[in-house]
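Worksheet for the structure shown next.
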Amino acid sequence: MDWGRWIRSILALASAAAPLAGVVWGGWDVREVLLLYWAENLVIGFWQVVKMACARRPGEAYLGIFGKLFLIPFFIVHYGGFCAGHGLFINLLTGNDVGLGGVMEGAWGW
């Protein structure tokens, strides 16, 4: 029996059930569910950077340090920009500018 597969399956089901539980028992609205998924993007990006830092070519001890010095910051800048835009979009769609420091307050005249 592959216990790792079972554990991954249970964790996948639990993570899928978390938003449902938040809506049913926690009274979450659509904004909170969207922010949960947005935060999941941040976690995925963090672990991607860790995987890039630990990557190596087959048959070599490590991926060239110069490749990592370019690729990791490149990924952080571009993925960070995506996450920032995604977060701003969520805030604009849900009608709440919390976390923007008041920058968007009244920006659209709504």
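The values are calculated or read from the model by the stated rules, or taken from the named source; none is laboratory data. Bear in mind the structure is a predicted one, so any value in this text is a computation, not a measurement. Neighbour counts are summed over all protein chains in view; Cβ atoms, including those assigned to glycine, are modelled from backbone coordinates with ideal geometry. What goes into the accessible areas is simple: the full protein's heavy atoms, side chains included, and nothing from ligands, DNA or RNA. Shrake-Rupley method; radii C 1.70, N 1.55, O 1.52, S 1.80 Å.
One table, with the values for the structure above:
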quantity	calculated
Any hit, the stretch 10-24, residues being among the hydrophobic types (A, V, I, L, M, F, W, C) and either in contact with a helix residue (DSSP H, G or I) (Cβ under 8 Å, 6 or more places away or on another chain) or on the phi > 0 side of the Ramachandran plot (or both)	yes
Qualifying residues in the stretch 62-72 (those that are in a helix (DSSP H, G or I) and open to solvent by less than 60 Å² (accessible area, probe 1.4 Å)) - the one modelled with the highest pLDDT	72
Residue within the stretch 4-11 that is of a type in the set (Lys, Arg) and loosely packed, with under 13 Cβ neighbours inside 10 Å present	yes
Test: residue in the stretch 12-27 that is under 27 Å from residue 75 (Cβ atoms), open to solvent by less than 80 Å² (accessible area, probe 1.4 Å) and touching a Cys at 6+ places or on another chain (Cβ under 6 Å)	no
Filter result for the condition that a residue is of a type in the set (A, V, I, L, M, F, W, C), out of contact with any helix residue (DSSP H, G or I) (no Cβ under 7 Å at 6 or more places or on another chain), in contact (Cβ under 8 Å) with a residue 12 or more places away in the chain and within 19 Å of residue 86 (Cβ to Cβ), over 30, 49, 43	30
Filter result (open to solvent by less than 90 Å² (accessible area, probe 1.4 Å) and either at pLDDT 90 or above or part of a helix (DSSP H, G or I) (or both)) within the stretch 45-61	45, 48, 49, 50, 52, 53
Checking residue 42 against (1) at pLDDT below 90; (2) in a helix (DSSP H, G or I); (3) open to solvent by 70 Å² or more (accessible area, probe 1.4 Å); (4) under 28 Å from residue 95 (Cα atoms), the condition it does not meet	(1)
Selection count where residues are assigned to a helix (DSSP H, G or I) and open to solvent by 80 Å² or more (accessible area, probe 1.4 Å), scope the stretch 28-39	3
